[in-house]
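A.B. asks: Here it is, the structure, as structure tokens.
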Amino acid sequence: MSEQIKKPVKITDTILRDAHQSLIATRMPTSIMLPIVDKLDQVGYNAVECWGGATFDSCLRFLKEDPWERLRALRAGFKNTKLQMLLRGQNLLGYSHYSDDVVEYFVQKSIANGIDIIRIFDCLNDLRNLETSVRACKAEGGHAQIALSYTLGDAYTEEYWMNIARQIEEMGADSICIKDMAGLLVPYEAEKLVRALKAGSSLPLEMHTHYTSGCASMTYLKAVEAGADILDCAISPFALGTSQPATEVMVETFKGTPYDTGYDQKLLAEIADYFRPYREECLESGLMSTKVLGVNIKTLLYQVPGGMLSNTISQLKEQGAEDKFQAVLEEIPRVRKDFGEPPLVTPSSQIVGTQAIMNVLMGERYKMATGQTKDFLAGKYGKTVKPFNPEVVKKIIGDTEPITCRPADLIEPQLEAFEEAVRPWKQQDEDTLSYALFPQVAVEFFKYRDAQQKKVDVTAADTANGAYPV
Ligand code: CO
């Protein structure tokens, strides 16, 4: 047999975004990140995922930090490594569609402040919802990665994955990612999936999964053997559980094989040593719960993401109807089918979950529906892989004609109105975008920022007056 061709697998470390989003509700402050940037920068990672997702909201709401300033600080520290963010297509980092001018401006500013790779996804895998962000990213010289939300169901055949991979390449994206937010992807299915995607496109393929069901490392192994190029992992103190497989474990797994990453285990050990005391601190304060660290096989059993399971339980508790949990679990797949079998990820997971609860609690299916459900069935979130159940559509939106175009085509430009509204608070261009995404939270933050600055001014003036020793 001839010598095997070397095909080193690359790793994107999620420690600065998904790892802490999944384990400690996105509460890692910039002050914990900066001291280790130098070492992270020496590993040779494909990228470090550090922004987007829930980090933006968490910075403004809970940490009282400017997310843009965090990004600039990380950019200044990472000299060699690409910085990656997660973007929810036309929703940006929010929960509803924005107009194209806002999407374009957000992408432009993300890249200008230091992002290299934008991972863009849509909860329905409706590629039309990704067009504007992909185009804007390319126009700014960024790497546009399209992430497909992984899910199970009759419609998601190998042919489906092959075709959508081909369309992604035709759209001009630079790479594809499989985003398995629920940990539903099991090892031998990963092998088939990777083959299908690779048959449809020659773009680099990245795998993103969560350890929730305990399969993730094995899934990665089979995916790499089938041709996957990049793996999303987290340095061990913030790996496993609802986070990603551990970086060091995957590096060790491929050592001495054609897939050898070439990363330095000693350096990774130093990075892990840095984060270990912080993990302990999070466990002691209760920020990290042992509940998220174990194996949760229910996610496979019910094909429902872990986060959706816990949301359902808390919604039922509020209604004093915990005994209906099993009934709701059985109703979720039926609603999902009526709603065109979408992947269950924000915001489709909330829409399907809430409807399933209503159906069970009311004792009659579709007697009531939320505004979000009405919009969903009116096509305002985009196109699902299968058609909606026409009887359900009729019951919920009556004779309203559903839209079939790209939903953002119906949204008038919004940027100017946001500029106007943010004027009293604005200190930098980026403030407009913080306001556009989370108006109330951003204003709270702007007020806090003003107050802090006044404090500093007073201290500086007093110092100048000789009131305080310097
Ligand atoms: Co994730």
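The values are calculated or read from the model by the stated rules, or taken from the named source; none is laboratory data. Since the structure is predicted, the reported quantities are computational estimates derived from the model, not experimental observations. Every residue, glycine as well, gets a Cβ built from its backbone with ideal geometry; the counts of neighbours run over all protein chains shown. To get the accessible areas, we keep the full protein, side chains included, count just its heavy atoms, and leave off ligands, DNA and RNA. Shrake-Rupley method; radii C 1.70, N 1.55, O 1.52, S 1.80 Å.
A.B. asks: Are any residues in the stretch 175-192 open to solvent by 10 Å² or more (accessible area, probe 1.4 Å) and modelled with pLDDT of 95 or more, and if so, which ones?
C.D. replies: LYS179, VAL186, PRO187, TYR188, GLU189, GLU191, LYS192
A.B. asks: For the stretch 319-329, state whether one or more residues are without any contact (Cβ under 8 Å) to a residue 40 or more places away in the chain, assigned to a loop (DSSP other than H, G, I, E, B) and not β-branched (Val, Ile, Thr).
C.D. replies: Yes: the stretch 319-329 contains one or more residues that are without any contact (Cβ under 8 Å) to a residue 40 or more places away in the chain, assigned to a loop (DSSP other than H, G, I, E, B) and not β-branched (Val, Ile, Thr).
A.B. asks: Here's something else I'd like to know. Which condition from (1) open to solvent by less than 10 Å² (accessible area, probe 1.4 Å); (2) away from the ligand (no atom under 16 Å from the Cβ) is the one that GLY262 breaks?
C.D. replies: (1)
A.B. asks: For ILE313, all conditions in the list (1) touching a residue at least 12 places away in the same chain (Cβ under 8 Å); (2) in the same structural domain as SER217 (by TED's automatic domain parsing); (3) open to solvent by 20 Å² or more (accessible area, probe 1.4 Å) hold save one; what is the number of the exception?
C.D. replies: Among (1) touching a residue at least 12 places away in the same chain (Cβ under 8 Å); (2) in the same structural domain as SER217 (by TED's automatic domain parsing); (3) open to solvent by 20 Å² or more (accessible area, probe 1.4 Å), the lone unmet condition for ILE313 is (2).
A.B. asks: Go through (1) at pLDDT 90 or above; (2) assigned to a loop (DSSP other than H, G, I, E, B); (3) out of contact with any strand residue (DSSP E or B) (no Cβ under 7 Å at 6 or more places or on another chain) and name the single condition VAL304 misses.
C.D. replies: Evaluating VAL304 over (1) at pLDDT 90 or above; (2) assigned to a loop (DSSP other than H, G, I, E, B); (3) out of contact with any strand residue (DSSP E or B) (no Cβ under 7 Å at 6 or more places or on another chain) leaves (1) as the failure.
A.B. asks: Looking at (1) modelled with pLDDT of 85 or more; (2) part of a helix (DSSP H, G or I); (3) open to solvent by less than 60 Å² (accessible area, probe 1.4 Å), can you tell me which one MET288 breaks?
C.D. replies: Unmet for MET288, out of (1) modelled with pLDDT of 85 or more; (2) part of a helix (DSSP H, G or I); (3) open to solvent by less than 60 Å² (accessible area, probe 1.4 Å): (2).
A.B. asks: Return a yes/no flag: does the stretch 91-98 have any residue that is assigned to a helix (DSSP H, G or I), open to solvent by 40 Å² or more (accessible area, probe 1.4 Å) and away from the ligand (no atom under 16 Å from the Cβ).
C.D. replies: No - not one qualifying residue is present in the stretch 91-98.
A.B. asks: Which residue out of THR219, THR299, THR261 is polar (S, T, N, Q), part of a helix (DSSP H, G or I) and in contact with a strand residue (DSSP E or B) (Cβ under 7 Å, 6 or more places away or on another chain)?
C.D. replies: THR219 is the lone residue from the list that is polar (S, T, N, Q), part of a helix (DSSP H, G or I) and in contact with a strand residue (DSSP E or B) (Cβ under 7 Å, 6 or more places away or on another chain).
For every residue, the table says whether it meets (1) aromatic (Phe, Trp, Tyr); (2) at positive phi; (3) within 16 Å of the ligand (Cβ to nearest atom).
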residue	(1), (2), (3)
ALA25	no, yes, yes
SER31	no, no, no
PHE62	yes, no, no
TRP68	yes, no, no
ARG72	no, no, no
ARG75	no, no, no
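A.B. asks: What are the residues in the stretch 222-246 that are open to solvent by less than 20 Å² (accessible area, probe 1.4 Å), within 11 Å of the ligand (Cβ to nearest atom) and either touching a helix residue (DSSP H, G or I) at 6+ places or on another chain (Cβ under 6 Å) or part of a helix (DSSP H, G or I) (or both), if any?
C.D. replies: Residues satisfying the conditions are ALA234, SER243.
A.B. asks: Since THR253 meets every condition but one in (1) touching a strand residue (DSSP E or B) at 6+ places or on another chain (Cβ under 8 Å); (2) open to solvent by 20 Å² or more (accessible area, probe 1.4 Å), which condition does it not meet?
C.D. replies: (1)
A.B. asks: Go through (1) within 23 Å of the chain's Cα centre (by Cα); (2) within 29 Å of LEU92 (Cβ to Cβ); (3) open to solvent by 10 Å² or more (accessible area, probe 1.4 Å) one by one and return the number of the condition LYS298 breaks.
C.D. replies: In the conditions (1) within 23 Å of the chain's Cα centre (by Cα); (2) within 29 Å of LEU92 (Cβ to Cβ); (3) open to solvent by 10 Å² or more (accessible area, probe 1.4 Å), LYS298 misses (2) alone.
A.B. asks: Turning to a different aspect of this structure: Does GLN42 fit the bill of being over 24 Å from GLN428 (Cα atoms) and either away from the ligand (no atom under 15 Å from the Cβ) or in contact with a Ser or Thr (Cβ under 8 Å, 6 or more places away or on another chain) (or both)?
C.D. replies: Yes: the conditions hold for GLN42.
A.B. asks: What is the one condition in (1) part of a loop (DSSP other than H, G, I, E, B); (2) modelled with pLDDT under 95 that THR212 does not satisfy?
C.D. replies: (1)
A.B. asks: Among the numbered criteria (1) within 15 Å of the ligand (Cβ to nearest atom); (2) among the hydroxyl-bearing types (Ser, Thr, Tyr); (3) part of a helix (DSSP H, G or I), which single criterion is violated by THR151?
C.D. replies: All conditions are met except number (3).
A.B. asks: Return the residue satisfying two criteria in turn: it lies in the stretch 58-85 and is of a type in the set (D, E, K, R) and in a loop (DSSP other than H, G, I, E, B), and of such residues it is most open to solvent (accessible area, probe 1.4 Å).
C.D. replies: LYS79
A.B. asks: Restricting to the stretch 415-447, name every residue that is open to solvent by 50 Å² or more (accessible area, probe 1.4 Å) and of a type outside the set (D, E, K, R).
C.D. replies: Passing the criteria: ALA417, PRO424, TRP425, GLN427, PRO439, GLN440.
A.B. asks: Still on this model: So is ASN389 touching a Lys or Arg at 6+ places or on another chain (Cβ under 8 Å) and in contact (Cβ under 8 Å) with a residue 40 or more places away in the chain or not?
C.D. replies: yes
A.B. asks: Okay, moving on. Please determine, by comparing only the residues of the stretch 1-54 that are more than 30 Å from GLY306 (Cα to Cα), modelled with pLDDT under 95 and polar (S, T, N, Q), which one is most open to solvent (accessible area, probe 1.4 Å).
C.D. replies: Checking each candidate, the answer is GLN4.
A.B. asks: For the stretch 202-214, which residues satisfy the criterion of being open to solvent by 10 Å² or more (accessible area, probe 1.4 Å) and in contact with a strand residue (DSSP E or B) (Cβ under 8 Å, 6 or more places away or on another chain)?
C.D. replies: Of everything in the stretch 202-214, those that are open to solvent by 10 Å² or more (accessible area, probe 1.4 Å) and in contact with a strand residue (DSSP E or B) (Cβ under 8 Å, 6 or more places away or on another chain) turn out to be LEU203, PRO204, HIS210.
A.B. asks: Can you pull out every residue in the stretch 177-204 that is more than 16 Å from the ligand (Cβ to nearest atom) and either outside any helix (DSSP H, G or I) or in contact with a Pro (Cβ under 8 Å, 6 or more places away or on another chain) (or both)?
C.D. replies: Result: VAL186, SER201, SER202, LEU203, PRO204.
A.B. asks: Next up: What is the residue count in the stretch 125-165 for residues that are among the hydroxyl-bearing types (Ser, Thr, Tyr), touching a residue at least 12 places away in the same chain (Cβ under 8 Å) and more than 30 Å from ALA112 (Cβ to Cβ)?
C.D. replies: Summing the residues that are among the hydroxyl-bearing types (Ser, Thr, Tyr), touching a residue at least 12 places away in the same chain (Cβ under 8 Å) and more than 30 Å from ALA112 (Cβ to Cβ) in the stretch 125-165 gives 4.
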